[in-house]
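Here is the structure we will look at, set down as structure tokens.
The values are calculated or read from the model by the stated rules, or taken from the named source; none is laboratory data. Since the structure is predicted, the reported quantities are computational estimates derived from the model, not experimental observations. Note that we place each Cβ from the backbone using ideal geometry, even for glycine, and neighbour counts take in every protein chain shown.
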Amino acid sequence: MYNRRPAAAALSLALVAALSVGCQVGEPGPAPLRPTPTTTTGAQAPPDSSPIVPTQSSAGDPYVPGNGNGGYDVRHYSLKLKIVPSDAKKSLDAVATIKAHAQREMAEFNLDLTGLDVSQVKVNGRKADFDHEGSELVVQPSATVAGGSDFTVTVAYSGTPRAVNDPILGQYGWIETPDGVAVACQPSGAHTWFPGNDHPSDKATFDLALTVPQNLTAVANGESGPASTANGLTTTKWTVEQPMATYLAMIAVGDFRVKEGVTPGGIPIMVAVDSSVRTPSIDDFYQAKAKITDEWVKLFGRYPFGSTGGVIDNAAVSFALETQSRSIYGDFDPSETIIAHELAHQWFGDSISVTRWQDIWLNEGFASYAEWIWGERMGGQSLQSRFDSLYQETPPSSWQVLTGDPGRERLFDSFAVYDRGAMTLHALRAKMGDDEFFSLLRRWAEDHRYGNATTEQFVDLAESVSGQELSSFFQAWLYEPVRPPR
Ligand SMILES: [Zn+2]
């Protein structure tokens, strides 16, 4: 995720007005920190050594209490969604078919789903009892699901999804726009529009069939198939062939211009820009996406997905999210560095996903470092001078937040997670040298492609590639509440 910092000089008055009602995730710029609990200094064991333990109703991740469920592993989501944005009472009418693998025998199991009406649940084609309370849909199949077996759950549901209004993170999830809807769900918004195992540790492939009024265009992740129109409604089908975390699933419905093609490096690309968005032009957005995708392939290794691209929607939000293969942007003109950030996430965050949210610096520190690299290439501030000024000028209070375990309320902390995460990589590069450092990044992307990983695994790989003992280095940069020594 990129939260646009209010660089006021670059904003039009209209955009400032839009931003003022939009959502601000994290701290916009160097805002004063809230008091943080005192943390013991000195040698402490890295706090990431305890694995998360799922229960029936939770993945066990303390950063997102209640999200996710234990007992099974989703392999595939098939979502058939009829979306009529003008219908205030029932804008969504849907059937989700979930193929999963039971990790143990289950007389009942949970799915995450909030705020929608479930009319029917079937397990392996037979009607199941269910109880829907809060965010938990508890399913009791007519026959116990055997441990080790594959099973299929079908959920018919409808209603009007609501955006998440998080007191810390602001508004996200299912966001209504003047002509439709934009969806951006990090970290906990996916279960406001489809049932599932809503935690990044359980990734799955997807296909989506989006049925919308024929005067609108629907866009999702992945690659599109042929469209069909009947009774004033157009259906488009989308396939996501590589595993995807639930929060990275995206749809956008509205009056879009669409441009498709292939990058000079040979990667299929599709961009969509809402027709009410004046800048950037769709051609400029397309060119920037194509150029930077190809450059990141040279730096990070082969592109992980079937296509690249992005969507700029007329949503009154000031952030962009790296929704898989097709990042989504609110109504602002993204700079090339923001585009570079979201594209770097395709390797770091989307293809390799966090196992637990405390490791979010593996996403945001890497994407921020890529953003710095692109800024330097464009003739902006050099990496070293950016590192030096942050190192010298960041007040001690900002160093109190731990990059490797920032806390739920600091999940998107602009210094600890983004800047200090990027500084950690820059300091590591200085220790390893350019060749080894970039080969580490490519190994990281290759070794964990389409999977999940933790900070400990990154530390292990860095030690293996460099031949250096790096535990005290990472301890100082990720887990100490003070500025690391140089
Ligand atoms: Zn990001």
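Looking at A344, is it in the same structural domain as G451 (by TED's automatic domain parsing), more than 21 Å from P65 (Cα to Cα), within 9 Å of the ligand (Cβ to nearest atom) and under 14 Å from the mean Cα position of the chain (by Cα)? Steps first, please.
Values: in the same structural domain as G451 (by TED's automatic domain parsing): no; more than 21 Å from P65 (Cα to Cα): yes; within 9 Å of the ligand (Cβ to nearest atom): yes; under 14 Å from the mean Cα position of the chain (by Cα): yes.
So A344 does not fit the description; no.
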### Query
What residue, of P485, P481, is exposed (fewer than 15 other Cβ atoms within 10 Å of the Cβ), assigned to a loop (DSSP other than H, G, I, E, B) and not charged (D, E, K, R)?
P485
## Note on the structure
All conditions in (1) under 13 Å from the mean Cα position of the chain (by Cα); (2) away from the ligand (no atom under 16 Å from the Cβ) are true of Y286 except (1)
### Message
As an exercise: evaluate G173 against (1) of a type outside the set (S, T, Y); (2) in contact with a helix residue (DSSP H, G or I) (Cβ under 6 Å, 6 or more places away or on another chain); (3) over 19 Å from G70 (Cα atoms); (4) not in a strand (DSSP E or B) and give the number of the one condition it does not meet.
### Response
(4)
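Rundown of residues vs (1) closer than 30 Å to P178 by Cα; (2) assigned to a helix (DSSP H, G or I), yes/no style:
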{"residue": "G266", "(1), (2)": "no, no"}
{"residue": "A272", "(1), (2)": "yes, no"}
{"residue": "F285", "(1), (2)": "yes, yes"}
{"residue": "A290", "(1), (2)": "yes, yes"}
{"residue": "T293", "(1), (2)": "no, yes"}
{"residue": "K298", "(1), (2)": "no, yes"}
{"residue": "F305", "(1), (2)": "no, no"}
### Message
Exactly one of these conditions fails for W444: (1) within 16 Å of the ligand (Cβ to nearest atom); (2) surrounded by 20 or more Cβ atoms within 10 Å (Cβ to Cβ). Give me its number.
### Response
(1)
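Being of a type in the set (A, V, I, L, M), farther than 19 Å from P195 by Cβ and either surrounded by 21 or more Cβ atoms within 10 Å (Cβ to Cβ) or touching a residue at least 40 places away in the same chain (Cβ under 8 Å) (or both) is the filter here; which residues of region 132-183 pass it?
Of the residues in region 132-183, the ones of a type in the set (A, V, I, L, M) are 137-139, 143, 145-146, 153, 155-156, 163-164, 168-169, 175, 181-183.
Keeping just the survivors that are farther than 19 Å from P195 by Cβ gives 143, 146, 168-169, 175, 182.
If the condition is that a residue be of a type in the set (A, V, I, L, M), farther than 19 Å from P195 by Cβ and either surrounded by 21 or more Cβ atoms within 10 Å (Cβ to Cβ) or touching a residue at least 40 places away in the same chain (Cβ under 8 Å) (or both), then A146, I168, L169, I175, A182 are the ones that fit.
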### Task
For region 76-130, enumerate the residues that are among the polar types (S, T, N, Q) and surrounded by 15 or more Cβ atoms within 10 Å (Cβ to Cβ).
S78, S91, T97, N110, T114, N124
### Task
Scan region 423-436 and give yes if some residue there is of a type outside the set (F, W, Y), without any contact (Cβ under 8 Å) to a residue 40 or more places away in the chain and not in a helix (DSSP H, G or I), otherwise no.
yes
### Message
Every residue in region 447-465 that is under 18 Å from W347 (Cβ atoms), of a type in the set (D, E, K, R) and surrounded by 15 or more Cβ atoms within 10 Å (Cβ to Cβ), please.
### Response
R449
## Note on the structure
Within region 321-333, residues within 12 Å of the ligand (Cβ to nearest atom) and either part of a loop (DSSP other than H, G, I, E, B) or out of contact with any strand residue (DSSP E or B) (no Cβ under 7 Å at 6 or more places or on another chain) (or both) come out as E322, T323
